[in-house]
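The values are calculated or read from the model by the stated rules, or taken from the named source; none is laboratory data. Remember, predicted model here, so these are calculated numbers, not experimental data. Please note: Cβ atoms are built from the backbone with ideal geometry, for glycine as well, and neighbour counts cover all protein chains shown. Surface areas here come from the heavy atoms of the whole protein model, side chains and all, with no ligands, DNA or RNA. Shrake-Rupley method; radii C 1.70, N 1.55, O 1.52, S 1.80 Å.
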Amino acid sequence: MRLEGKIAVITGAGSGMGRASAIKFAQEGAKVVIADIDEAGGKETLELVKKDGGEAVFVKADVSKDEDCKNMVDTAVKTFGGLNILYNNAALPQKEKQFFDCSNEEWDAIMGVNLRGPFMACKYAYPEFKKAGGGVFLATASLGAMMPRALSCAYSPSKAGMVCLYKVLASELAKDNIRANVILPGPTASPMLKKFMGGDRENMSDDEIANLVGQSMAFGRCVEPMDIANTAVFLASDDAAMISGETILVDGGRSVARGRD
């Protein structure tokens, strides 16, 4: 098992990519702190992990709040004795809209969850990584960080900021045996996908949205949450010991299939 003996905090683990990652990390031997603002979803993930034989605990957390970021790390230390991996996966989506229709409040909320939250969580995790002799910072950004699309004036910049933040962390913290990498998913078949949509598409089911978007992908389908989880496990493991400061596209070839948009 590639994460045997490791302790991980995964934010946004109550559904989608975070849930898949919590399950996969536990299957690979990690003890997992499942963090999510959605208590029902987080506890459901916890039950799935335990049913599969994994070790985990749930903590309710709004990552835009400093005290909740601290509590996630404290929970890992108190429950499992330390921390080796912090996976900042939680995100707040933005429905399509012109930039002049985006309020200051919406901008601040998206930045608070998508950029300030990971920054704070990393600050609290860093001392525990030092104690452990090293660690791994992971994050879920978005293809939109590298190929920003129209009508996403807050979301895409928040994810681009995360990419830059993690490159800084990788540069500063290599001396402490700490790595930092970012996964850039393309459109993923998760509950969040629908939250980006507007107009008539709001009335479509999650599966209908995924099938529609998947038609623009090189492989004819959306990315699946487990595709992201598998990438996260690799980056968190010693198999990626010399990978840091990188952004890994997991987009089903969307970035090279422009003719199919």
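For segment 33-145, which strands (runs of 3 or more DSSP E) that fit wholly inside it have 1 or more residues that are open to solvent by 50 Å² or more (accessible area, probe 1.4 Å)?
Of the strands (runs of 3 or more DSSP E) lying wholly inside segment 33-145, those with at least 1 residues that are open to solvent by 50 Å² or more (accessible area, probe 1.4 Å) span 55-60.
Does SER216 fit the bill of being modelled with pLDDT under 95 and polar (S, T, N, Q)?
So SER216 passes the test.
Taking MET1 and the conditions (1) assigned to a helix (DSSP H, G or I); (2) open to solvent by 30 Å² or more (accessible area, probe 1.4 Å); (3) among the hydrophobic types (A, V, I, L, M, F, W, C), which numbered condition does it fall short on, given that it satisfies the others?
Only one criterion is unmet by MET1, namely (1).
For segment 247-261, enumerate the residues that are more than 14 Å from the chain's Cα centre (by Cα) and either of a type in the set (Phe, Trp, Tyr) or open to solvent by 40 Å² or more (accessible area, probe 1.4 Å) (or both).
Within segment 247-261, ARG254, VAL256, ARG258, GLY259, ARG260, ASP261 meet the criteria.
In segment 158-181, what residues are open to solvent by 30 Å² or more (accessible area, probe 1.4 Å) and touching a residue at least 12 places away in the same chain (Cβ under 8 Å)?
Across segment 158-181, the qualifying residues are ALA160, LEU165, LYS167, SER171, ALA174, ASN177.
For SER64, which of the numbered conditions (1) in contact with a Gly (Cβ under 6 Å, 6 or more places away or on another chain); (2) hydroxyl-bearing (Ser, Thr, Tyr); (3) at pLDDT below 95 fails to hold?
It is condition (3) that SER64 fails.
On the given criteria, is SER21 assigned to a helix (DSSP H, G or I), closer than 25 Å to TYR126 by Cβ, of a type in the set (S, T, N, Q) and under 17 Å from the mean Cα position of the chain (by Cα)?
Judged against the criteria, SER21 is a match.
Can you tell me which residues in segment 146-157 are open to solvent by less than 10 Å² (accessible area, probe 1.4 Å) and outside any helix (DSSP H, G or I)?
SER152, ALA154, listed by residue number.
Would you tally the residues in segment 64-113 being aliphatic (A, V, I, L, M), touching a strand residue (DSSP E or B) at 6+ places or on another chain (Cβ under 8 Å) and more than 15 Å from TYR155 (Cα to Cα)?
6
Look at segment 81-103 and say how many of its residues are modelled with pLDDT under 90 and under 21 Å from GLY42 (Cβ atoms).
Result for segment 81-103: 0.
Regarding LYS95, is this residue under 21 Å from the mean Cα position of the chain (by Cα), among the basic types (Lys, Arg) and under 13 Å from ALA35 (Cα atoms)?
Spelling it out, it is not the case that LYS95 is under 21 Å from the mean Cα position of the chain (by Cα), among the basic types (Lys, Arg) and under 13 Å from ALA35 (Cα atoms).
Restricting to segment 208-246, give me the number of residues that are in a helix (DSSP H, G or I), open to solvent by 80 Å² or more (accessible area, probe 1.4 Å) and of a type in the set (S, T, N, Q).
1
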